[in-house]
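Read through the structure below, which is laid out as structure tokens, and then see the notes.
Rule-based calculations on the coordinates, nothing more; no lab input. The structure presented is a predicted model; accordingly, all values stated were derived computationally and were not measured. In this analysis, Cβ positions are derived from the backbone assuming ideal geometry, glycine residues included, and neighbour counts consider all displayed protein chains.
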Amino acid sequence: MAEYVDRYEMPPVRLAVETDDLAEPARLLDAGHDPNEFDSHRGWTPLLRAIDGEADGSVRTGEPMDAAGTAVLPAYGADPEQPSRDGLTPYRLAFQSHHEMAVRLLEAHTAGRRTAD
């Protein structure tokens, strides 16, 4: 039996990503919401959910994957190396999901961050 999840108990950015609204996460993040806040259901960050949603949506619809949701989150401070509470990293999820665009975005963002350090 599937566990019921009250979507309104999710952090605002995670909820916006969950509903596939591309403008709302940017608006919330610009207003100061935490891009790395864990949800209470799976212990995932908005970035993990964006990657999962893009990959799942492509499988369900047969449409090519895009990375619009994934791209906006690191631009507003989402940590591309922040694992879920059970240790799943955004890169690993993107790789396992064959989400090549997300893999490249995460690699580029991580490399750029390391260069700046």
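The gain in end-to-end length when the ARG92 to ALA75 segment is fully stretched comes to 4.2 nm, 0.36 nm per residue minus the alpha carbon separation. State the answer as a single residue: which of VAL59, LEU48, LEU15 lies farthest towards the positive end of the charge dipole of segment 7-116, with beta carbon charges of +1 for Lys and Arg and -1 for Asp and Glu, about the Cα centre. Projecting each Cα onto the dipole axis, the largest value belongs to LEU48. Ranking ALA94, LEU28, THR70 by Cα position along the charge dipole of segment 7-116, where only Lys, Arg, Asp and Glu carry charges on their C-beta atoms, puts ALA94 farthest toward the positive end. Helical runs assigned H by DSSP (4 residues or longer) give the chain a calculated mean residue ellipticity at 222 nm of -16000 deg cm²/dmol, each run adding -39500 (n - 2.57) before division by the residue total. Listed by number, the DSSP H helices of the chain that run 20 Å or longer by alpha-carbon position along their axis and have mean Kyte hydropathy of at least -0.5 are 46-61, 100-116. The equivalent ellipsoid of the chain has semi-axes of 20, 18, 14 Å, largest first, where each one is the square root of 5 times an eigenvalue of the Cα gyration tensor. Placing +1 on the Cβ of every Lys and Arg and -1 on the Cβ of every Asp and Glu, with nothing else charged, gives the chain a dipole about its Cα centre of roughly 280 debye.
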